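Structure record follows, encoded as structure tokens.
Since every read-out is calculated from the coordinates, none of them should be taken as a lab result. Keep in mind that what you see is a predicted model, and the values were worked out from it rather than measured. Every residue, glycine among them, receives a Cβ derived from its backbone with ideal geometry; neighbour counts consider all protein chains shown.
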């Protein structure tokens, strides 16, 4: 597995075009891979996420956006760099992930970032095929609970500030109350509603990005979550979980 980071230059027309359309970004990401290189049905799919670069705040001229991609083979993102990126050293970084994933162990603590499309099936509503209709969680409380409900099966738990021996920023709801009454180390850093046409249909995504601190409980399950993503909407920039030193 490979993790790629590409800084995007929002002053370039190509970057603005990519950032306006998740369909366009999806196509650009897939074009980083030669024909046939992703044909193995057993291989993980390509995931991507668009972040506001952590080092951009208050620094004039620093990259404002970063495109992250995870893939089973190394990409060739030259077309993105040429039209939307920075042609400088450090504009693109590609790192092999397998060694890192193999070293994951229970009890390790990592900072994380995760962009998801939290959804649920409503048994009271059926789609045209007669299946339970898929609906989106739209409030911060619902979206946070969705992540917490999936943490265990994905091989991790969200820590509380007491686990680290101090008070750190915590997620609060719209009334300023801590979620579930716990000092959980998870913050909703960005939320958005996205709509676009696909064929004759309309795609709606309720997207939430979270940051926090996790502890590994099941290394194998966490590897699966990192490699394969979490939740729906993976073609459109959702599902990618990245880890960094806490």
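A few notes on this one:
- Estimated inter-spin distance, residue 149 and residue 96, nm [label 7 Å along Cα→Cβ]: 4.0
- Fewest-first ranking of 120, 33, using other Cβ atoms within 10 Å as the exposure measure: 120, 33
- More than 21 Å apart - percent of Cα-Cα pairs taken over the chain: 61
- Helix content alone sets the calculated 222 nm mean residue ellipticity of the chain: runs of n ≥ 4 DSSP H residues at -39500 (n - 2.57) each, divided across all residues, give -5500 deg cm²/dmol.
- Taking every C-alpha pair closer than 8 Å and separated by at least 6 residues, the mean separation divided by the residue count of the chain gives a relative contact order of 26 percent.
- Approximate spin-label separation residue 123-residue 86, in nm, with each point projected 7 Å along Cα-to-Cβ: 5.2
- Peptides 192-201, 4-13 ranked from most to least packed, by the mean per-residue count of other Cβ atoms within 10 Å: 4-13, 192-201.
- Rg ratio (alpha-carbon, reference 2.2 N^0.38 Å) - region 2-96: 1.07
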